[in-house]
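Worksheet for the structure shown next.
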């Protein structure tokens, strides 16, 4: 009985700690949201973060989107050719990108590039006691540091996802039309007739917004709660990639199920 009681007590302590962490994360999230008016008044800080998080990720997003478009066109052509529908490869590429691969892959790349940068930056500021120094000078770190980075990531993520999808479509066109020889008019007409702005593109934009909120907040949370040591910052950076990636994939399933059930 003593062993069983100690095991149950250990489980209870672990559960209590996890619930406390979830409560603290939820409180931090709503505190950042509540600072939206201050962020709008000092929009220059948000603009700088959009540039830092978005513009510095453009090359990665662009190259990745181009090669994803290449692969989609090749795989789609060889699959559709069996059924005599090779001309629909443009529609396949566009729907795959705007509905699914554009938001998801862009979010995963955003987590690996921008998310880790945010975590390391906030973690180093905490380790160097810069956040504590701000509080000593009556400067709110959430308003001055976290909120602008959060809204910068939320704005940058949909733009990067749209860029990923657009470049992916161009990559699909290069392979399907220029390399394979599919009719150019059929490629674009099938895409234009089959892609709906609200049902397809709109759903992709909603996904990218949700992923932007998730990835950016996870990165800020891990940096803000990291241990103020080099090892703590390194572990927080690793957790950012792992937690963000799993959260994006899980949310993608939930959002897809909701969107197609409505």
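For segment 224-252, give me each residue that is buried (at least 17 other Cβ atoms within 10 Å of the Cβ) and assigned to a loop (DSSP other than H, G, I, E, B).
Hits for segment 224-252 are 225, 226.
Would you be able to say whether some residue in segment 203-224 is more than 24 Å from residue 129 (Cβ to Cβ) and without any contact (Cβ under 8 Å) to a residue 12 or more places away in the chain?
no
Based on this model, can you work out whether residue 64 counts as assigned to a helix (DSSP H, G or I), within 30 Å of residue 188 (Cβ to Cβ), within 26 Å of the chain's Cα centre (by Cα) and in contact (Cβ under 8 Å) with a residue 60 or more places away in the chain? Working first, answer last.
Values: assigned to a helix (DSSP H, G or I): yes; within 30 Å of residue 188 (Cβ to Cβ): yes; within 26 Å of the chain's Cα centre (by Cα): yes; in contact (Cβ under 8 Å) with a residue 60 or more places away in the chain: yes.
Considered against the rule, which asks whether it is assigned to a helix (DSSP H, G or I), within 30 Å of residue 188 (Cβ to Cβ), within 26 Å of the chain's Cα centre (by Cα) and in contact (Cβ under 8 Å) with a residue 60 or more places away in the chain, residue 64 comes out as yes.
Mind checking whether some residue in segment 214-222 is surrounded by fewer than 15 Cβ atoms within 10 Å (Cβ to Cβ) and part of a helix (DSSP H, G or I)? Spell out how you get there, then give the answer.
Step one: of segment 214-222, the residues surrounded by fewer than 15 Cβ atoms within 10 Å (Cβ to Cβ) are none.
No; the residues of segment 214-222 include none that is surrounded by fewer than 15 Cβ atoms within 10 Å (Cβ to Cβ) and part of a helix (DSSP H, G or I).
FYI, it's all coordinate maths here, none of it is from the lab. Keep in mind that what you see is a predicted model, and the values were worked out from it rather than measured. Note that each Cβ is placed from the backbone with ideal geometry, even for glycine, and that neighbours are counted across all protein chains shown.
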